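This report concerns only the one structure given below.
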Amino acid sequence: MSLIPRLENLFDHARLLAYPLCLLPIFLLLWTKVKHQKQLRTALRGCKKLGLHGSSNLSDEYHPKYTKSNPDSLDATSTEAWKIKALFVYPIKSCAAVELDTADISSTGLTWDRQFCFAEYTVPTQFPTGTPDSEKKKPRWTFRTLRKPGYESLVHVRPEIWVPDPQYARMNHISDPNLAGVLVINYPNIPRGTLPTRLVHQTGQLLHLMPKESSFHVPLLPPKQHTYPLEPVSIWKEIPFGYNYGRHVPAEFKAYLKIPDTTPFTLFRASPAHYREVYRNAPRRGPAPGQVPYQPIVAFPDSYPVHLLNLASVRDVAGRVKSTIPHLSAGRFRPNILITGPAAYDEDDWKGVRVLHRHHQKTPTITTTPPSAAAAPPPPPAKANPKNGELAAAAAEPSDPPSSVDFHTACHTLRCRLPNVDPLTGIRHPSEPDRTLKSFRCIDRGDERNAALGLQLVPARPGNRHEESGTDGRKEDDDDDDDEKAKMKIAVGDEIEVLDRGELVYVRY
């Protein structure tokens with residue numbers, strides 16, 4: 001037999017071997033995708049996802065109509081009313097928002113807001129008053145946010161909140177005491193490694209064999225029989241305890257954030273038993289006018305439970321920075337409650353805010369029911385509402401949903417440079433909008449060095465007991481329907497009423 005036929009046979013065998021070798025990476029990608037989806041489906045069984053099912057309520061935020069003010073209206077169905085335009089919670093501090101149509105109010109603000117944060121094991125730069133110098137040199141878990149250069153990629157970390165679905169449990173006749181909900185954490189699946197590896201990765205994404213996002217999931221609340229370590233984490237000058245969820249954080253996620261392998265990095269879940277009590281500008285616990293029936297608490301926010309923002313104010317700032325930032329989104333300022341109707345900066349002197357449900361008929365009355373006997377919020381201090389002249393208070397049975405939710409204004413929201421990071425691109429502008437804000441919005445005599453935009457609010461009542469109840473957030477009462485009725489809720493379209501006005505003065509640490 002000649003050499004040439006033998007070579008031809010060898011080439012034929014090589015081609016036969018090359019085809020499966022080329023297809024092998026694609027099959028591996030497909031197998032990995034199917035395996036991950038199966039694991040996720042198992043984890044999410046019996047849960048429902050919170051959030052909008054349609055387009056964002058911010059989709060028209062750049063419309064010129066939001067630069068104008070509307071008169072306060074007694075008709076909640078009127079387009080002239082001051083209303084909630086959008087609601088957001090940020091399950092993980094400094095990561096993407098979950099937008100809602102309806103939000104429960106808990107003792108820590110909007111339920112599930114900032115219950116998680118990422119942290120790095122390093123020497124912090126701020127300490128509680130009285131910390132010995134020897135302790136200041138010791139490393140500890142320290143929170144990380146968009147403020148920290150190098151962490152801009154957090155804007156693309158997209159959490160999903162999955163909560164237990166009572167209807168699923170009833171239909172399937174199951175009762176899982178360990179079912180506490182799931183937080184799914186999505187992040188961009190960026191090709192890495194050698195050139196061939198990146199090409200296979202990109203090909204898999206083009207063929208939809210590999211997702212454009214990777215994800216991992218963690219419990220919304222630690223199960224009853226859990227082994228998560230309870231450790232201190234530094235949040236500015238405070239050191240609360242949280243559950244260290246580091247075992248769930250994959251190496252690929254650290255690689256996405258470009259964190260060196262040698263740098264300890266983790267995810268913390270706030271411990272309900274160790275929420276931080278808020279003082280400074282927050283109202284104190286007590287029965288006196290201006291006080292509340294509980295001491296306000298937070299999980300991982302910087303300071304106060306709820307952040308309210310007026311879209312007209314954002315649009316005014318946007319007009320001033322248009323040459324450098326053509327489209328300044330309200331999302332840069334990370335509000336919980338975004339409202340429309342008031343003129344720009346009208347909110348600067350609001351000292352009390354009431355949210356009236358959109359289906360509530362607004363008929364101001366004076367009630368003589370003692371606050372201790374009423375399920376609705378107690379009347380605020382007897383000062384005339386500058387817009388309506390009267391204080392409305394509704395006395396309801398305990399099983400009825402409150403017709404309104406009251407908030408005390410703690411202080412202005414004093415801005416840091418976090419809004420310089422574009423939430424769509426993750427690119428940090430070197431100076432804007434911070435520089436423009438400081439040129440005309442340093443209006444608070446309590447801190448004249450920083451610009452004010454927005455309000456920090458505190459619920460006038462403790463709110464619902466979801467993540468706060470007990471040590472793991474579970475309720476002992478199985479009557480979900482009655483519990484649903486009694487919840488304090490706010491919703492997109494609810495009307496905003498100003499209860500009181502006056503100067504707000506920021507109290508620093």
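Numerical summary
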item: Pairs with Cβ under 7 Å, 6+ apart, first in region 227-242 and within 16 Å of ARG114 (Cα to Cα), second basic (Lys, Arg) and in a strand (DSSP E or B); result: SER234/ARG140; GLU238/ARG276; PRO240/ARG276; GLY242/ARG269
item: Near pairs, Cβ below 9 angstrom, 6+ apart or cross-chain, from region 163-186 (aromatic (Phe, Trp, Tyr)) to any residue that is at pLDDT below 70 and surrounded by 11 or more Cβ atoms within 10 Å (Cβ to Cβ); result: TYR168/ILE174
item: Residue count for region 444-460, restricted to those that are surrounded by 18 or more Cβ atoms within 10 Å (Cβ to Cβ), part of a loop (DSSP other than H, G, I, E, B) and out of contact with any helix residue (DSSP H, G or I) (no Cβ under 6 Å at 6 or more places or on another chain); result: 3
item: Hits in region 243-279 (condition: among the aliphatic types (A, V, I, L, M) and under 21 Å from TRP112 (Cα atoms)); result: VAL249, LEU267, ALA270, ALA273, VAL278
item: Region 217-237, residues that are surrounded by fewer than 19 Cβ atoms within 10 Å (Cβ to Cβ) and modelled with pLDDT of 90 or more; result: HIS217, HIS226, THR227, PRO229, LEU230, GLU231, PRO232
item: Residue within region 73-84 that is modelled with pLDDT of 95 or more, outside any loop (DSSP other than H, G, I, E, B) and of a type outside the set (D, E, K, R) present; result: yes
item: Selection status of LEU154, crowded, with 17+ Cβ neighbours inside 10 Å, out of contact with any Phe, Trp or Tyr (no Cβ under 7 Å at 6 or more places or on another chain), at pLDDT 90 or above and not in a strand (DSSP E or B); result: yes
item: The lone exception for LEU308 - which of (1) part of a loop (DSSP other than H, G, I, E, B); (2) touching an Asp or Glu at 6+ places or on another chain (Cβ under 8 Å) it fails; result: (1)
item: Those residues of region 313-340 which are outside any strand (DSSP E or B) and touching a helix residue (DSSP H, G or I) at 6+ places or on another chain (Cβ under 6 Å), in sequence order; result: VAL314, ARG315, ARG320, VAL321, LEU328, ALA330, ARG332, PHE333
item: Residue in region 48-61 that is farthest from LEU220 (Cα to Cα), counting only those that are surrounded by 12 or more Cβ atoms within 10 Å (Cβ to Cβ) and out of contact with any helix residue (DSSP H, G or I) (no Cβ under 8 Å at 6 or more places or on another chain); result: ASN57
item: Of all residues in region 129-151 being assigned to a loop (DSSP other than H, G, I, E, B) and β-branched (Val, Ile, Thr), the one that is nearest to LEU418 (Cα to Cα); result: THR145
item: Filtered residues of region 316-331 (kept if touching a residue at least 60 places away in the same chain (Cβ under 8 Å) and surrounded by fewer than 21 Cβ atoms within 10 Å (Cβ to Cβ)); result: ASP316, GLY319, ARG320, VAL321, THR324, ILE325, HIS327, SER329
item: Residue match in region 104-125 (condition: more than 17 Å from ARG276 (Cβ to Cβ), of a type in the set (Gly, Ala, Ser) and in a loop (DSSP other than H, G, I, E, B)); result: no
item: Residue that is assigned to a loop (DSSP other than H, G, I, E, B), farther than 27 Å from TYR279 by Cβ, out of contact with any Leu (no Cβ under 8 Å at 6 or more places or on another chain) and at pLDDT 95 or above, where the choices are SER439, SER399, SER431; result: SER431
item: Residues within region 211-243 that are touching a His at 6+ places or on another chain (Cβ under 6 Å), within 30 Å of ARG508 (Cα to Cα) and in a strand (DSSP E or B), tallied; result: 1
item: Matching residues in region 260-290 - criterion: being assigned to a strand (DSSP E or B) and small (Gly, Ala, Ser); result: ALA270
item: Selected residue [modelled with pLDDT under 95 and under 24 Å from VAL218 (Cβ atoms)] from LYS93, LYS33; result: LYS33
item: Odd one out for VAL184, checked against (1) modelled with pLDDT of 95 or more; (2) touching a Cys at 6+ places or on another chain (Cβ under 9 Å); (3) within 18 Å of HIS217 (Cβ to Cβ); result: (2)
item: Filtered residues of region 92-106 (kept if surrounded by 24 or more Cβ atoms within 10 Å (Cβ to Cβ) and of a type in the set (S, T, N, Q)); result: SER106
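Per-residue answers, yes or no, for (1) among the small types (Gly, Ala, Ser); (2) closer than 29 Å to THR111 by Cβ:
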| residue | (1), (2) |
| --- | --- |
| THR262 | no, no |
| ALA273 | yes, yes |
| ARG276 | no, yes |
| TYR279 | no, yes |
| GLY286 | yes, yes |
| VAL292 | no, yes |
| SER303 | yes, yes |
| HIS307 | no, yes |
| VAL321 | no, no |
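The values are calculated or read from the model by the stated rules, or taken from the named source; none is laboratory data. Everything numeric in this text was worked out from a predicted model, so none of it was measured. Note that each Cβ is placed from the backbone with ideal geometry, even for glycine, and that neighbours are counted across all protein chains shown.
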